[in-house]
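Right, one structure below, let's go through it.
The values are calculated or read from the model by the stated rules, or taken from the named source; none is laboratory data. In this text the structure is predicted, and so the values were computed from the model without any measurement. Neighbour counts are summed over all protein chains in view; Cβ atoms, including those assigned to glycine, are modelled from backbone coordinates with ideal geometry.
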Amino acid sequence: MTEDYLVDLEIRNYSKNTIKTYTSIIGTFFEYLKKEDKLYSDKDFLRCFRRYIQLLKRDLEVSQNYIYLVTVVLKKFLEFNKLNFLEDVESPKRTKSLPKSLNEKEVNDLIKSITWNIKIDSKTSIKFRIRDKLILTILYSSGLRISELINLKLKDIDFDERIMRIRGKGDKDRVVLFDEKTKELMEKYIDIRNNNNEYLILNKFNNPISARYIQVMIKKYAKKAGITKPITPHILRHSFATHLLKNGVDIRVIQQLLGHTSLSTTQIYTSVDMDTIKSLYDKAKM
């Protein structure tokens, strides 16, 4: 029953991470169901579901957004299997917290925290530092998702036009830009890595780099740069969008660069502070 549903998700181009999340949610709930003695009717199932949600909220203290996700996933799973146990259950409201970003100085400090000395450092050490600097630079200057960067191949990069062809969420293709400094860093890394692997960013074993490494690496350099804010690869993507908006780039252009289907997603994602809003307003006044 579960396997057929997961195959259906894969056919409909759900990402591997989404399928993994759905698998965990469904599996954890049905492990909980095994503890129930009586499940003879729809009402029994519904009562069990409500107790499970109560357990998540009270005892495990999960977020409201996770409660929403659990409800949606289980409803979709049951509907796929033509079971109507939860058809009358309304999905709880999600909390809308605005994504955080770094300011321009913090981004510059983060990227500049990665340095090397050709007279002192080994070639291997320099290679990895160039790679790490390239990772941060691309995440910020092109606004890629971490999965998009990991899967970026050399054949997808046009160095003359300074564009990258990205396969994003739902297998949707888009073109993103990179600047001259990123191009120089990219060429330097490709030269020093001296490997014909089709992927751009490689680990020390010359395989595609992992998301976990990038997450840990960013925190390490953020600490070195004296940045105390919580920082993730996605915050760099949000910073990219926010800074473009602050500099007067049309939101529809930002939408295209980020690969958002809906403009409303971009509007939430590129929230700006009131000072910036006032500045743009003043510039636009007749």
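In the set (1) polar (S, T, N, Q); (2) farther than 22 Å from ASN13 by Cβ; (3) crowded, with 16+ Cβ neighbours inside 10 Å, SER147 fails one condition alone, (2). Summed over the range 150-159, the residues that are surrounded by 14 or more Cβ atoms within 10 Å (Cβ to Cβ) and either not in a strand (DSSP E or B) or not assigned by TED's automatic domain parsing to the domain that holds VAL175 (or both) give a count of 4. Any residue at all in the range 84-92 that is modelled with pLDDT of 80 or more and outside any loop (DSSP other than H, G, I, E, B)? No, the conditions are met nowhere in the range 84-92. Quick check: is even one residue across the range 201-218 crowded, with 16+ Cβ neighbours inside 10 Å, in contact with a Pro (Cβ under 9 Å, 6 or more places away or on another chain), not assigned by TED's automatic domain parsing to the domain that holds LEU9 and not in a helix (DSSP H, G or I)? Yes, because at least one residue in the range 201-218 is crowded, with 16+ Cβ neighbours inside 10 Å, in contact with a Pro (Cβ under 9 Å, 6 or more places away or on another chain), not assigned by TED's automatic domain parsing to the domain that holds LEU9 and not in a helix (DSSP H, G or I). Considering only residues in the range 48-71 that are outside any helix (DSSP H, G or I) and hydrophobic (A, V, I, L, M, F, W, C), the one that is modelled with the highest pLDDT turns out to be VAL62. Residues of the range 160-175 that are part of a helix (DSSP H, G or I) and either touching a His at 6+ places or on another chain (Cβ under 9 Å) or surrounded by 15 or more Cβ atoms within 10 Å (Cβ to Cβ) (or both): LYS169 alone. Of the set (1) closer than 22 Å to ARG165 by Cα; (2) at pLDDT below 90; (3) surrounded by 12 or more Cβ atoms within 10 Å (Cβ to Cβ), all apply to ARG252 but (3). Looking across the range 157-205, the residues that are under 21 Å from THR124 (Cβ atoms), over 20 Å from the mean Cα position of the chain (by Cα) and touching a residue at least 12 places away in the same chain (Cβ under 8 Å) come down to LEU185, MET186, GLU187, LYS188, TYR189, ILE190, ILE192, ARG193, LYS204.
Name the one entry in LEU144, LEU134, LEU98 that is modelled with pLDDT of 95 or more and either in a helix (DSSP H, G or I) or of a type in the set (A, V, I, L, M) (or both).
Testing whether each residue is modelled with pLDDT of 95 or more and either in a helix (DSSP H, G or I) or of a type in the set (A, V, I, L, M) (or both) leaves just LEU134.
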